[in-house]
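Chemist: Please see the structure below; I have some questions.
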Amino acid sequence: MADTSPSLHLFADVLARVHGVCRALAAEAGWPAGIDFSRVVVEPPRDASHGDMATNAAMVLAKEAKAKPRDLAEAIAARLRADALIAKVDVAGPGFINLTLKPAAWADSLRTLLREGAAYGRLSGGSRVNVEYVSANPTGPMHVGHCRGAVFGDALASLLQFAGHDVTREYYINDAGAQVDVLARSAFLRYREALGEDIGAIPDGLYPGDYLKPVGVALAKEHGDKLRSVAEAEWLPLVRAKSIAMMMDEIKDDLAALNIRHDVFFSERSLIEGGNNRVAATIDFLRAKGDVYEGRLPPPKGAPVDDWEDREQLLFKATAHGDDVDRPLIKSDGSYTYFASDIAYHKNKFDRGFADLIDVWGADHGGYIKRMQAAVKAVTADEAALDVKIVQLVRLLRNGEPVKMSKRAGDFVTLREVVDEVGKDAVRFMMLYRKNDAVLDFDLAKVIEQSRDNPVFYVQYGHARGHSIFRNARTEVFSELPQDSGARIAWLLDSALERLSDPAELDLLRRLAIYPRMLEAAAAAHEPHRIAFYLYDLASEFHALWTKGRDLPYLRFIINNDAELTKARLAMVQGVVSVLASGLAILGVHAPDEMR
């Protein structure tokens, strides 16, 4: 069984050594106390020809050291050259330090990977984080645009959990605005239709999709024809509640098709109902702090602003917390603005113990970020941080041509249609194979191709190829090679990894060693797409090495007359398989042992 106790991964190990050198220099030279050494990082260099790692130590510490960055870099480099792990140290430019490690470092890093197994790269000691994502209005089935935000949010939550954070996945149900009344009126038409009435064409302003027909049937079954004889004020709350409940059930089913489940479903209506008006309480809280006042907004510059009204009104002092203009809290009809409810909701998150908040929003909400971050600063006295990740549009194509709209939904392609056609693995991986704030072209034909041009296939095939190599090795060389992964890893731990000396093998070991550092950086930046990019690069290097072995027999993974080298290469393959499986699991994608 593999030892899963955490070890210091290679980049963290080298960073600790750099920190040690800097602290020793600080003590000897009498640098000021309390220097923040966390600014010192060790990262892969942008140009691989510069070495294996690079550190900015001299650049960020020169001021405290009262030295020129280049001179400080030379002093740090002189000490690092004496380190047994480091083969070469170069000072470049104004003071960057490039490090080349001894080959044994990469073998040791692979041993760490094998020992840790599924825990390789896992961190501990994180904070409580609330990730709110999807939060689609409960007015119909989820479309392909919702799909991207759903996958992004879910993968980000998994990444943060792997990085040691206590993560709550949350869905905010917008069930208190005018759109759910429109939903209820649309469902009421379908109720009348279910009772046999000819309702004709759906009027403009109501939802036309056939997805509301089952709601109408359910209402007819539950109420008979009684609702037709009562006023709207009486039937609207009943129909609204039933419609929202059935739409949320459908949304949850759609999300389940992608293996997405939330821990909390928070109702916007709960903020104002049940005898505890939390929106009013939040406004009172801000008023007591001096962040609410009665005033007039100046006319908007440029394009008209939806929430501007030329009247005396209650305003949130958003400009005091970083926004461009102050924001209305109550509409002219006396109801709360969406913003007022959103402030109360985010205060509720903070009151539940979350100081790290992440919201995943659609492309049309970019202009809302500043005001929401200002509000979070105000209601938490700067104790909470809100990071908003915008997920851009998805262009759905088939062989390069736009896909026609769904008949059932009326005017869009549903998430379920896409998942049913290409499978959840292709959907999840490809929704992450581009940075979240860039428009994504999703071609239904290309994501099921079995080629290098299809990233999800190429990565999954890398995992399957590794297991194929194990099967062949079991037949040709090692009949005792365990099939169980834990037993196999334990069997491979004593491999002579120093035999892995070809430049292509060392490049693959370097790629494996970067994995923990990549995960750490991806988690810090809230960017799960980095994992998808990394997995594709790792799979590409693995496939390239396998291909080289076809032309150069000495590079094959299985050398029939050299059991020691074969075992070392199998250990390397195990490293690739383990990391591919780990990264795919974070993304919520299956890692197959065979591809058919």
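Chemist: With respect to Ser109, is the statement that it is among the polar types (S, T, N, Q) and out of contact with any strand residue (DSSP E or B) (no Cβ under 8 Å at 6 or more places or on another chain) true? Step through it out loud before you land on a result.
Modeler: On the way: among the polar types (S, T, N, Q): yes; out of contact with any strand residue (DSSP E or B) (no Cβ under 8 Å at 6 or more places or on another chain): yes.
So Ser109 passes the test.
Chemist: Next question, about the same structure. Please go through the stretch 319-338 and give me each residue that is surrounded by 18 or more Cβ atoms within 10 Å (Cβ to Cβ) and more than 14 Å from Arg296 (Cα to Cα), ordered by number.
Modeler: His321, Asp323, Tyr336, Thr337
Chemist: More than 18 Å from Leu156 (Cβ to Cβ) and either at pLDDT 95 or above or under 33 Å from the mean Cα position of the chain (by Cα) (or both): which single residue out of Arg550, Arg556 fits that description?
Modeler: Sole residue among the options that is more than 18 Å from Leu156 (Cβ to Cβ) and either at pLDDT 95 or above or under 33 Å from the mean Cα position of the chain (by Cα) (or both): Arg556.
Chemist: Hey, can you tell me all the residues within the stretch 209-234 that are at pLDDT 95 or above, acidic (Asp, Glu) and closer than 13 Å to Ala187 by Cβ?
Modeler: Across the stretch 209-234, the qualifying residues are Glu222, Glu232.
Chemist: If Val456 meets every condition in (1) surrounded by fewer than 18 Cβ atoms within 10 Å (Cβ to Cβ); (2) assigned to a helix (DSSP H, G or I); (3) not small (Gly, Ala, Ser) apart from one, which number is that one?
Modeler: Of (1) surrounded by fewer than 18 Cβ atoms within 10 Å (Cβ to Cβ); (2) assigned to a helix (DSSP H, G or I); (3) not small (Gly, Ala, Ser), only one is false for Val456: (1).
Chemist: Still on this structure, please answer the following. From the list Leu481, Leu432, Leu396, which residue is touching a helix residue (DSSP H, G or I) at 6+ places or on another chain (Cβ under 7 Å), surrounded by 15 or more Cβ atoms within 10 Å (Cβ to Cβ) and farther than 26 Å from Glu541 by Cα?
Modeler: Of the residues listed, the single one that is touching a helix residue (DSSP H, G or I) at 6+ places or on another chain (Cβ under 7 Å), surrounded by 15 or more Cβ atoms within 10 Å (Cβ to Cβ) and farther than 26 Å from Glu541 by Cα is Leu396.
Chemist: Within the stretch 426-442, can you find the residues that are closer than 15 Å to Ala257 by Cβ and among the small types (Gly, Ala, Ser)?
Modeler: Ala426, the sole residue that qualifies.
Chemist: May I pose another question? Under 28 Å from the mean Cα position of the chain (by Cα) and buried (at least 20 other Cβ atoms within 10 Å of the Cβ), is that true of Val42?
Modeler: yes
Chemist: Follow-up question, since we're still on this one. Checking the conditions here, which among Glu564, Glu520 is within 22 Å of Ala118 (Cβ to Cβ), of a type outside the set (Val, Ile, Thr) and part of a helix (DSSP H, G or I)?
Modeler: Details: Glu564 fails: within 22 Å of Ala118 (Cβ to Cβ).
On inspection, the qualifying residue turns out to be Glu520.
Chemist: Considering only helices (runs of 4 or more DSSP H) fully contained in the stretch 314-426, which possess at least 3 residues that are touching a His at 6+ places or on another chain (Cβ under 8 Å)?
Modeler: Answer list for the stretch 314-426: 369-380.
Residue-wise test of (1) over 36 Å from the mean Cα position of the chain (by Cα); (2) surrounded by 15 or more Cβ atoms within 10 Å (Cβ to Cβ); (3) assigned to a helix (DSSP H, G or I); (4) of a type in the set (A, V, I, L, M).
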position	(1), (2), (3), (4)
Ala67	yes, yes, no, yes
Arg70	yes, yes, yes, no
Pro94	no, no, no, no
Trp106	no, yes, yes, no
Leu113	no, yes, yes, yes
Gly125	no, no, no, no
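Chemist: For Ile173, are the conditions met, namely being under 30 Å from Glu527 (Cβ atoms) and surrounded by 15 or more Cβ atoms within 10 Å (Cβ to Cβ)? Give the steps one after another, and end with the answer.
Modeler: Numbers: under 30 Å from Glu527 (Cβ atoms): yes; surrounded by 15 or more Cβ atoms within 10 Å (Cβ to Cβ): yes.
Criteria met by Ile173.
Chemist: Given Glu294, Glu309, which one is touching a strand residue (DSSP E or B) at 6+ places or on another chain (Cβ under 8 Å), surrounded by fewer than 18 Cβ atoms within 10 Å (Cβ to Cβ) and at pLDDT below 95?
Modeler: Going through Glu294, Glu309 in turn, just one is touching a strand residue (DSSP E or B) at 6+ places or on another chain (Cβ under 8 Å), surrounded by fewer than 18 Cβ atoms within 10 Å (Cβ to Cβ) and at pLDDT below 95: Glu309.
Chemist: If you take the residues in the stretch 131-146 that are part of a helix (DSSP H, G or I) and in contact with a strand residue (DSSP E or B) (Cβ under 7 Å, 6 or more places away or on another chain), which one is farthest from Asp364 (Cα to Cα)?
Modeler: Initially, the stretch 131-146 is screened for residues part of a helix (DSSP H, G or I), giving 144-146.
Imposing the further condition that a residue be in contact with a strand residue (DSSP E or B) (Cβ under 7 Å, 6 or more places away or on another chain) reduces the set to 144-145.
Values: Val144: 15, Gly145: 11 Å.
Among those residues, the one meeting the criterion is Val144.
Chemist: For the stretch 72-92, state whether one or more residues are among the hydrophobic types (A, V, I, L, M, F, W, C), closer than 30 Å to Ala487 by Cβ and touching a strand residue (DSSP E or B) at 6+ places or on another chain (Cβ under 9 Å).
Modeler: Residues of the stretch 72-92 that are among the hydrophobic types (A, V, I, L, M, F, W, C), as a first pass: 72-73, 75-78, 80, 82, 84-87, 89, 91-92.
Still in the running and closer than 30 Å to Ala487 by Cβ: none.
No, the stretch 72-92 contains no residue that is among the hydrophobic types (A, V, I, L, M, F, W, C), closer than 30 Å to Ala487 by Cβ and touching a strand residue (DSSP E or B) at 6+ places or on another chain (Cβ under 9 Å).
Chemist: Between Arg296, Arg287, which is out of contact with any helix residue (DSSP H, G or I) (no Cβ under 7 Å at 6 or more places or on another chain) and closer than 19 Å to Ser341 by Cβ?
Modeler: The conditions single out Arg287.
Chemist: So, one more: Does Ala62 fit the bill of being surrounded by fewer than 13 Cβ atoms within 10 Å (Cβ to Cβ) and in a helix (DSSP H, G or I)?
Modeler: Details: surrounded by fewer than 13 Cβ atoms within 10 Å (Cβ to Cβ): no; in a helix (DSSP H, G or I): yes.
No; evaluated as a whole, the condition is false for this residue.
Chemist: Restricting to the stretch 231-278, what's the tally of residues that are in a strand (DSSP E or B) and not β-branched (Val, Ile, Thr)?
Modeler: 3
Chemist: Could I ask something else about it? Kindly establish whether Ala75 is touching a helix residue (DSSP H, G or I) at 6+ places or on another chain (Cβ under 7 Å), assigned to a helix (DSSP H, G or I) and modelled with pLDDT under 95.
Modeler: no
Chemist: Before we move on, is Leu160 at pLDDT 95 or above and more than 19 Å from the chain's Cα centre (by Cα)?
Modeler: No, not satisfied.
The values are calculated or read from the model by the stated rules, or taken from the named source; none is laboratory data. Note that the structure is predicted; figures quoted are calculated from it, not measured. Neighbour counts run over all protein chains shown; Cβ positions are idealised from the backbone, glycine included.
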